[in-house]
Amino acid sequence: MKKEVRRAIIAGNWKMNMTPSAAKEAIGKTAELTKDMNGCDVILCVPFVDIPAAVEAAKGTNVKIGAQNVHFEKKGAFTGEIAGDMLVECGIEYVIIGHSERRQYFGETDKTVNLRTKAALEAGLKVILCLGEVLEEREAGITSEIVSMQTKLDLAGLSAEDMKNVIIAYEPVWAIGTGLTATPEQAEEVCAIIRNVIAGLYSEEVAEGVTIQYGGSMNEGNAAALLSKVNIDGGLIGGASLVPEKFVQIVEAAQA
Ligand code: 13P
């Protein structure tokens, strides 16, 4: 079971990069270069203010646009936050939730990740839910326990039906933006653990259907080896997604 049941998804996370005009140019270039690559889904998750320009630039192309966060309430006094229906009305289909930078710098916890995930699904968005261990946890030999716990807490209360709209991104924190990539074997091992936890929470069928991406210094040089693994169904790419020529090579590696 693998690519026959799960279509690969290559997503870029632009983080806090690109103005609207730069976004328009980069999406135009990415769309042009990927126009004949129909073997995987291609998503670019852009800063909120880039969304209108990004959605416009992606119209009629293979590229889908995502956001990088969403609030768990529908509306109200939450200065600086964005609600699910705002994203949907702007043409957004996907949203990243629980990125380690949100957890590390902005106080995001498994509880808020779970609340945001529920709100996003209720608004009709598809969620790219990020989790992964920090270096100390890997060195302490507790990676399996940490990612299992995150998977359970972050998915708490979600139905099997909800899981059709959830993508998991396994992002070991020590590999993000460091140039240190998990080896294909390390990444595969943890993605398999996550899939196994999902099987326990729901069923084998649900687990086999869930897309699990790897993220953390994925680039045009290491993508093919990572994507060849049975439990790695795609990538969530930071730095390399900012350069269309590099990002497109990762999309190409996912065509198999
Ligand atoms: P890098 O690809 O820059 O390591 O970032 C990965 C990431 O955080 C994607 O969400």
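The values are calculated or read from the model by the stated rules, or taken from the named source; none is laboratory data. Quick caveat: nothing in here was measured; it's all calculated off a predicted structure. We place every Cβ from the backbone using ideal geometry, glycine too, and count neighbours over all the protein chains shown. We work out accessible area using only protein heavy atoms, side chains counted, and drop any ligands, DNA or RNA first. Shrake-Rupley method; radii C 1.70, N 1.55, O 1.52, S 1.80 Å.
Count the DSSP beta bridges whose two residues both fall in the stretch 1-136, then state the antiparallel fraction as a percent rounded to the nearest 5.
In the stretch 1-136, DSSP labels about 0 percent of beta bridges as antiparallel.
Pairs of lysines 8 or more apart, or on different chains, with alpha carbons under 14 Å: count those in the stretch 1-85, would you?
Lysine pairs meeting the criterion: 6.
Taking the stretch 178-227, how much of its Cα-Cα pair set, in percent, is spaced more than 18 angstrom apart?
Within the stretch 178-227, distances greater than 18 Å cover 37 percent of Cα pairs.
Could you work out how far apart the two model spin labels at residue 189 and residue 35 are, taking each label as a point 7 Å from the Cα in the direction of the beta carbon, and quote it in nm?
Label-label distance for residue 189 and residue 35, simple model: 4.5 nm.
Pairs of alpha-carbon atoms within less than 8 angstrom and 6+ residues apart define the contacts here; what relative contact order does the stretch 102-197 have, in percent?
So the answer I get is 34 percent.
In whole angstrom, how far apart do the alpha carbon centroids of the stretch 188-247 and the stretch 130-181 sit?
A separation of 11 Å, based on Cα centres.
Does the chain come out rounded, prolate or oblate by the C-alpha gyration tensor, with a ≥ b ≥ c the root eigenvalues, rounded set by a/c under 1.5 and, if not, prolate when a/b is larger than b/c and oblate if not?
rounded
Tell me, what is the per residue accessible area of the chain in Å², probe radius 1.4 Å?
44 Å²
When DSSP beta bridges are limited to those with both residues in the chain, what percentage is antiparallel, rounded to the nearest 5?
0 percent
Tally up the carbon and sulfur contribution to the accessible surface of the chain as a whole percent, 1.4 Å probe, everything protein left in place.
Carbon and sulfur together cover 55 percent of it.
Return the distance in nm (one decimal) between the two label points of a simple spin-label model at residue 74 and residue 135, each offset 7 Å from Cα along Cα→Cβ.
In this crude label model, residue 74 to residue 135 measures out at 4.5 nm.
For the chain, set up a Gaussian network in which alpha carbons nearer than 10 Å are linked by springs, and say which option among 108, 81, 93 fluctuates the most.
81
Hey, what did the stretch 1-152 get for relative contact order, percent, Cα under 8 Å, at least 6 apart?
Once divided by the residue count of the stretch 1-152, the mean separation gives 18 percent.
Would you give the gap between the C-alpha center of the stretch 2-47 and the C-alpha center of the stretch 58-79, rounded to a whole Å?
If we compute the Cα centre of each part, the gap is 15 Å.
Can you tell which of 217, 21, 100 shows the greatest fluctuation in a Gaussian network model of the chain with Cα springs below 10 Å?
21
FRET efficiency for residue 19 and residue 144, Cβ-Cβ distance as r, R0 = 51 Å, nearest 0.05?
With a Förster radius of 51 Å, E is 0.80.
Top mean-square fluctuation among 142, 212, 96, Gaussian network model of the chain, C-alpha springs under 10 Å?
Its mean-square fluctuation being the largest, the pick is 142.
Over the chain, calculate the relative contact order: mean separation of alpha carbon pairs under 8 Å at least 6 apart, over the residue count, as a percent.
In percent, rounded to a whole number, it is 23.
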